[in-house]
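Okay, structure first, notes after.
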Amino acid sequence: VNRRQFLIRGGVAVGTNMILAGVPFRLAHAEAVVPASDPPTSAWTWDDVRAQFDLAPGLVHMSSFFLASHPRLVRDAIAEHRRELDANPYHYMEDNIARFEIAVRDAASGYLNVQPDDLAMTDSTTMGLGLVYGGMKLGSGQEILSDTHDHIVTTLSLRCVAERTGATLHRVPLYDDPATANAEKIVETVTQNLRPATRLVALTWVHSGTGVKLPVRQIADAVAAVNTGRSPDDRILFAVDGVHGFGLEDVTFDDLGCDFFISGCHKWLFGPRGTGLVCARSEAWAATGPTIPTFDPMWRGGKLDSIPLAGLNTPGGFHSFEHRWALAEAFTFHLGLGKARVAARIHELNRHCKEELTRLPKVKVSTPMSDDLSAGIICFDVDGLSPEEVVARLREKSIVASITPPFYKPLHARVAPSLLTSEQDVENTVRAIAEL
Ligand SMILES: Cc1ncc(COP(=O)(O)O)c(C=O)c1O
């Protein structure tokens, strides 16, 4: 009996208001969060989907990847949890924490096609990266390989662990010009930089500074080939910041082939703001140690030894539980629409947008055209205008574009066609950029 079966079977057997291994578990609340709105189906149109969001009308929302707006299903779940927490925080927490934490993990595991016990739940990508890299058990002779295109939070986490353990951080650019990035060359560059001392490869699925999507599966296969014959302690672990592919691409954890998948859930997935996860099998989890003490339900039952490693790596403490527990509905939302349909829609809009932008003589698109090397972020520049000017002038035209953060060099303007934009929005954006 694993811990999930333990909690659930125990709950079913004992009934309402029981104390289960120290966890009060009131089944009267089992249906407490009945979403007021229906979950989506594959029959929904994209207009139906867009209507689920409270985004300001009159704007073209081309930066939705930055921080999620919540669809109605998620908003209703947050509101319901908040109402209950405001009414009686103690009983709502004590009666439900185990059940809701399990429900969220179950939903995430269904989406990634992994076991719930492979998942640590976090507050953000940044928290996940900090936990995994910060706690990594590295030795002073060992090496970490990463890319110069990573978000600064990856670089800072890796610098911290290198400083703490004496491991060496080796950062290489996996491509020079993003527009001409090439999957074979990227894999070759990774392979050439794997050395006997390499213990960790820490990369980013989709670079938010260029829009390039790395061929994660091919990199995983190349790492696996080098791992043949290595002892478990020397095996290279491959970790990925996946935030700009998660909730967008139609893949499972196994499809990606990495050891650690680290992501926020509050960008493409439309999860509650302040949610994230880390997925890894127990062999990989064993390579990192927990940093923040857990509140795993088993801990409350005094069964510390039974907590899976992912549970030990799930930070405890009191959180904004109304957000944390409403994450289950974000997975319901995406699975209701269909992962394949979501991916096809976002890629189609992005392809069209890039094709139109490349027709403009004074616009340079940096993000590759290929679906294999790009996802939902388009980085571009306009001759004679700084990215800041481009974004400011688009704002005057009611288009919400963004600038790559300052730690990325060179800076670019960005637009991101998504489930929250229509074909017309893409047309209007391209026209507005043409007018610049
Ligand atoms: C590639 C990448 N990783 C990590 C982050 C930080 O994400 P979070 O807010 O979930 O910590 C960002 C921010 O947008 C990002 O672009």
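Bear in mind that the values in this text are calculations on the coordinates, not laboratory data. Note that the structure is predicted; figures quoted are calculated from it, not measured. Reconstructed Cβ throughout: ideal geometry from the backbone, glycine too, with neighbour counts over all protein chains shown.
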Intensity falloff of the chain expressed as log10 I(q)/I(0), Debye formula with alpha-carbon point scatterers, at q = 0.06, 0.09 Å⁻¹: -0.26, -0.59
Most fluctuating residue given options PHE407, PHE246, PHE321, as computed from a GNM of the chain linking Cα atoms under 10 Å: PHE407
Ellipticity estimate at 222 nm from DSSP helix runs (n ≥ 4, -39,500 (n - 2.57)) divided over the chain, nearest 500: -12000 deg cm²/dmol
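Mind putting a number on the dipole of the chain about its Cα centre? Charges go on the C-beta only, +1 for Lys and Arg and -1 for Asp and Glu, and I need it in Debye to the nearest 20.
Working: 42 positive and 52 negative charges, 120 e Å.
It works out to roughly 580 debye.
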Anchor LYS354: aspartates and glutamates whose Cα lies under 17 Å away (excluding residues fewer than 8 positions away in-chain): ASP177, ASP371, ASP372, ASP381, ASP383, GLU423, ASP425, GLU427, GLU435
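Apply the Kirkwood formula to the range 51-173: the hydrodynamic radius equals the inverse of the mean of 1/r over all pairs of different alpha-carbon atoms; give it in Å with one decimal.
Value: 18.3 Å, from the Cα pair sum.
Among the listed pairs LYS267/LYS364; LYS185/LYS213; LYS213/LYS409; LYS213/LYS362; LYS213/LYS364, which have their C-alpha atoms separated by more than 21 angstrom in this model? Display every interim value, and only then the final one.
Details: LYS267/LYS364 26 Å; LYS185/LYS213 13 Å; LYS213/LYS409 17 Å; LYS213/LYS362 25 Å; LYS213/LYS364 18 Å.
Over 21 Å apart, Cα to Cα: LYS267/LYS364; LYS213/LYS362.
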Relative contact order, percent, the chain [alpha-carbon distance under 8 Å, six or more residues apart]: 22
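How would you rank 162-168, 117-123, 133-139, highest first, on the average number of other Cβ atoms within 10 Å across their residues? Please report the intermediate quantities before stating the final value.
Details: 162-168: 15.6, 117-123: 23.9, 133-139: 19.1.
Listed from highest to lowest mean packing, they are 117-123, 133-139, 162-168.
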Histogram of C-alpha separations across the range 284-333, 5 Å bin width, %: 5, 19, 22, 21, 18, 13, 3, 0
Residue among PRO290, PRO57, PRO215 with the largest mean-square fluctuation in a Gaussian network model of the chain, springs linking Cα atoms under 10 Å: PRO57
Within-11-Å neighbourhood charge of VAL400 [Cβ basis; K, R +1; D, E -1]: +2
GNM flexibility winner over the chain from ASP106, ASP147, ASP48 (Cα, springs under 10 Å): ASP48
The range 258-384 - Debye-derived log10 I(q)/I(0), Cα point model, q = 0.11, 0.14, 0.17, 0.20 Å⁻¹: -0.60, -0.83, -1.01, -1.16
Neighbour net charge for GLY257 - beta-carbon separation under 12 angstrom, K R +1, D E -1: -2
Long-range amide H partners of GLY211 with built H, under 5 Å: none
